[in-house]
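These notes concern the structure reproduced below.
The values are calculated or read from the model by the stated rules, or taken from the named source; none is laboratory data. Treat the numbers as computed from the prediction; the structure is a model and nothing was measured. Neighbour counts are summed over all protein chains in view; Cβ atoms, including those assigned to glycine, are modelled from backbone coordinates with ideal geometry.
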Amino acid sequence: MEQSLSALHPHPGWGDTALQATDMVGKHCILELYECDPSRLDDESFLRTTITTAAKRAGATLLNLITHRFEPQGVTGLALLAESHISIHTWPESGYAAVDVFTCGDHTMPEQACAVLCEALLAKRHALKSFLRETPAEIATGVREPSAVSITL
């Protein structure tokens with residue numbers, strides 16, 4: 001796949017607009033889910049579908065999804081997004097899931113991803129902490145250029 005210079009934009013998905021300094025590089029959500037359905041927390045296939053739906057609902061671009069089911073129980077999942085990531089770690093025996101959603105760009109809505117996960121896992125209680133990630137001056141004022149890559153075989 002050929003990359004264009006727009007792929008080097010500090011905020012992927014914002015299009016080919018001129019670089020502008022903003023106060024934030026993205027939004028980070030930390031979600032704790034309690035009293036969830038244990039069978040859903042232990043169902044790797046269900047979680048893959050749910051994470052995919054969460055990424056779409058957030059307006060993010062899913063690049064890759066990796067999951068692992070542990071024995072005797074529990075699943076870890078990581079969705080690589082063009083805008084950053086979604087991760088989940090489950091403890092079915094406790095009805096608990098720890099979720100992390102970080103997205104860059106004004107077009108994304110990480111809280112929507114959290115809502116999908118909360119609803120799909122049938123959480124009876126949840127705690128959501130959300131904060132803005134500040135834009136470092138180096139990103140806000142500089143133009144990102146590809147670095148020279150040297151490959152030796």
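Structure values in brief
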read-out: Leading residue by the ranking (surrounded by the fewest Cβ atoms within 10 Å (Cβ to Cβ)) among those in the stretch 82-135 that are free of Cβ contacts under 8 Å to residues at least 24 places away in the same chain and more than 14 Å from the chain's Cα centre (by Cα); value: GLU119
read-out: Whichever residue in the stretch 1-59 is modelled with pLDDT of 95 or more and among the hydroxyl-bearing types (Ser, Thr, Tyr) and, among such residues, is surrounded by the most Cβ atoms within 10 Å (Cβ to Cβ); value: THR50
read-out: Given (1) closer than 30 Å to THR135 by Cβ; (2) in contact (Cβ under 8 Å) with a residue 24 or more places away in the chain, index of the condition GLU44 fails; value: (1)
read-out: Residues (among the aliphatic types (A, V, I, L, M) and in a strand (DSSP E or B)) located in the stretch 69-104; value: VAL75, LEU78, ALA79, LEU80, LEU81, ILE86, ILE88, ALA97, ALA98, VAL99, VAL101
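This table checks each residue for (1) in a strand (DSSP E or B); (2) closer than 22 Å to LEU132 by Cα; (3) polar (S, T, N, Q); (4) in contact with a helix residue (DSSP H, G or I) (Cβ under 8 Å, 6 or more places away or on another chain).
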| residue | (1), (2), (3), (4) |
| --- | --- |
| THR50 | no, no, yes, yes |
| ALA54 | no, yes, no, yes |
| THR67 | yes, no, yes, yes |
| THR108 | no, yes, yes, no |
| ALA115 | no, yes, no, yes |
